Amino acid sequence: MGAIKNTLLNACFAIAVFTTAVNSALAHGTPADTQRGVASFYSDRFQGATTASGEAFDQKALTAAHPSLPFGTKVLVSRPDTGQEVEVLINDRGPYVKGRIIDLSKSAARQLGIINRGVAPVLVTLLD
């Protein structure tokens, strides 16, 4: 009886590990160079402010803030719900709101169609 119990426990463990791996892959469903989360955009009051990279912030430029990507990194930000996308350059740090993965300039947000909503689910994909 001990051998059968041991075999069943091992089989259950193997199934649990396999299921967890599959569910994780399906839940994320994105390559390693793509992040899934929520995008927002900068308030107009930041126009002209110095970004973390030292550049002056410009709402008309296609730029964004990301918590960890190196300055100068180009990313493609896309909305899975609408298919809209925009290429931006990371030149600042942020966002500092839980659950958000990128803060966009107003120009980039306009191209993604999130000006009225304020936020939207996005995929952020490294381009270089």
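Hey, could you check the stretch 73-121 for residues that are under 23 Å from Ser53 (Cβ atoms) and basic (Lys, Arg) and say which is surrounded by the most Cβ atoms within 10 Å (Cβ to Cβ)?
Result: Lys106.
So, Ala65, is that one within 13 Å of the chain's Cα centre (by Cα) and more than 19 Å from Pro31 (Cα to Cα) or not?
The answer is yes for Ala65.
Go through the stretch 28-68 and count every residue that is within 20 Å of Pro80 (Cβ to Cβ) and basic (Lys, Arg).
1
Where a number appears in this text, it was derived from the coordinates with a stated rule and is not lab data. If you're wondering where the values come from, they're calculated on a predicted model, not measured in any experiment. Using ideal geometry, Cβ is built from the backbone for each residue, glycine included, and neighbour counts are taken over all protein chains shown.
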